[in-house]
Amino acid sequence: MTPRGEETIGPGASLDERITGALVGAAVGDALGGPVEGYSPDQIVERHGGRVHGIVGPWNGDEWRTARPIAPYHKGDGHVTDDTLMTHALVRVYAQVRDHLDAYAVADRLVPDLMTEPRWIPELEAEALPLHRVFLAEKWLVARLHYGHVDPREAGTGNIVNCGAAMYMAPVGLVNAADPRAAYAEALDVAGAHQSSYGREAAGVLAAGVAAACAPGATPDSVVTACLSLAKDGTRAAIEDVCEAARDHTDFESALGPLRAAVAPYDTVGPDYRSPSLGARRPSRLHAIEELPVALGMLLVAGGDYRRAVLGAVNYGRDCDSIATMAGALAGALGSPVPQDWAKTVAEASRLDLWEPARTLAAVAREVFEKDVRRRRAHERAFAGMGGPGCSA
């Protein structure tokens, strides 16, 4: 579990470095955001005597096992949450299939992984089935696909509409590195087994953003442009408004209020994160999840810098572990270095090798690219044989 070069990657980063930056960066963001998830920026300041600038302990200290509403999860001290557990599970599915995924891969591979393979769960400080840790929106996968035998492409219909699918969709963007349109399409298929409406849309756009961030010369602006070129309905409008607000700020402190104000008209949860409104998490073409637009906004505020983007996401509060997961994946894919001390602490505290999934996915991404090239060449030859444009291959 030794970090490998997190302090040296930059704009000219290789595929391996970008994949490592995105996956390690997502996990570290997740761990930093976990202990302050669900609270407001003001509550975070009051609890910690100021803004959070690194890894902190549980909100309720040593009483984390029984304190509500978090119990029995040890959120804090560098422990990753279900965002990372689901991301790593999706990487394992890619490692098995070694090709593009779809909703059937979720049913045939991801669901058995969640319900049959005990793994170390940092927040439980024990080995358990991942199913026992993930949120109800993720338990839906097992209920619908394993017990309900629902068509995988439609299984997400009826689930609460939230960031549940988007939070672990970075691997899809990495397998489709530098091809946002392909990442968007694949993520929409994969997420169809889990989410519908703007939750599914956010999964596609997050994957597209990660893919765009991997392109040589990518910038926060080019990532946002790629996301807007594909996003639909309320998701597109929310990203536009939040990113427009973000361009007026270069420090997350001044951006916290304006970014929340910009996303509020699209957010169905409402001002009290722990008491959602009656319209919360229901399908809509007018609304968006809060997490993705804010993550993109913080990426702009930070100028693509990993540390600043993640700290902005963490101190935003609300669902900040997922916001920081997304911001961390995007900044890491751009090549901004993940702080080595953070990564080391999270890996040791969570008892997870944060670098192994990246090595696995980098190998898969290369195999999938080679298969795509062969498939494309075969299509070119077939099209040319029908009188289409000539093929040089």
Q.
So the check is Cβ under 8 Å with 6+ separation or different chains; which pairs have a first residue in the range 42-60 that's within 18 Å of L256 (Cα to Cα) and a second one that's exposed (fewer than 15 other Cβ atoms within 10 Å of the Cβ)?
A. R51/E253
Q: Determine the pairs where a residue that is among the aliphatic types (A, V, I, L, M), located within the range 255-270, has a partner that is open to solvent by 40 Å² or more (accessible area, probe 1.4 Å) with Cβ atoms under 7 Å apart, the partner being 6 or more residues away or on another chain.
A: A262/D241; V269/P276; V269/S277
Q | Hits in the range 285-305 - residues which are under 21 Å from D233 (Cβ atoms), open to solvent by 30 Å² or more (accessible area, probe 1.4 Å) and touching a residue at least 60 places away in the same chain (Cβ under 8 Å) | A | R285, H287
(Q) Can you tell me how many residues within the range 128-174 are outside any helix (DSSP H, G or I) and more than 18 Å from E117 (Cβ to Cβ)? (A) 17
Q) Which one of R308, R376, R318, R366 is open to solvent by 60 Å² or more (accessible area, probe 1.4 Å), modelled with pLDDT of 95 or more and over 28 Å from Q96 (Cβ atoms)? A) R308
Q. Tally time: how many residues in the range 112-134 are under 20 Å from the mean Cα position of the chain (by Cα) and either over 17 Å from M167 (Cβ atoms) or of a type outside the set (A, V, I, L, M) (or both)?
A. 5
**Q.** Top-ranked residue in the range 135-144 [being within 22 Å of the chain's Cα centre (by Cα) and of a type in the set (A, V, I, L, M, F, W, C); ranked as surrounded by the fewest Cβ atoms within 10 Å (Cβ to Cβ)]
**A.** L136
**Q.** For G335: the one exception among (1) touching a residue at least 60 places away in the same chain (Cβ under 8 Å); (2) within 23 Å of V134 (Cα to Cα)
**A.** (2)
Q. So, in the range 321-346, of the ones that are within 17 Å of P216 (Cα to Cα) and within 15 Å of the chain's Cα centre (by Cα), which residue ends up surrounded by the fewest Cβ atoms within 10 Å (Cβ to Cβ)?
A. L334
Q) Quick one: what pairs do we get from the range 220-246, first residue open to solvent by 10 Å² or more (accessible area, probe 1.4 Å), second at pLDDT 95 or above and among the acidic types (D, E), C-beta under 8 Å, 6+ apart or different chains? A) L228/E240; K232/E201; D233/E201
Q: Determine which single condition A378 fails, assuming it passes every other condition in (1) among the hydrophobic types (A, V, I, L, M, F, W, C); (2) over 22 Å from R51 (Cβ atoms); (3) in contact with a Gly (Cβ under 8 Å, 6 or more places away or on another chain).
A: (3)
Q) When residues of the range 10-49 are filtered for being in a loop (DSSP other than H, G, I, E, B), over 25 Å from A358 (Cβ atoms) and open to solvent by 20 Å² or more (accessible area, probe 1.4 Å), how many remain? A) 3
Q | the range 182-195, residues that are open to solvent by 20 Å² or more (accessible area, probe 1.4 Å), in contact with a Gly (Cβ under 8 Å, 6 or more places away or on another chain) and closer than 11 Å to R153 by Cβ | A | L188
Q) Within the range 349-358, is even one residue free of Cβ contacts under 8 Å to residues at least 40 places away in the same chain and either within 12 Å of A27 (Cα to Cα) or hydroxyl-bearing (S, T, Y) (or both)? A) no
Q) Scanning the range 74-112 for residues that are assigned to a loop (DSSP other than H, G, I, E, B) and open to solvent by 50 Å² or more (accessible area, probe 1.4 Å), which turns out farthest from V150 (Cα to Cα)? A) D77
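The values are calculated or read from the model by the stated rules, or taken from the named source; none is laboratory data. Note that the coordinates shown come from a computational prediction; the quantities given were computed from them, not determined experimentally. Every residue, glycine as well, gets a Cβ built from its backbone with ideal geometry; the counts of neighbours run over all protein chains shown. What goes into the accessible areas is simple: the full protein's heavy atoms, side chains included, and nothing from ligands, DNA or RNA. Shrake-Rupley method; radii C 1.70, N 1.55, O 1.52, S 1.80 Å.
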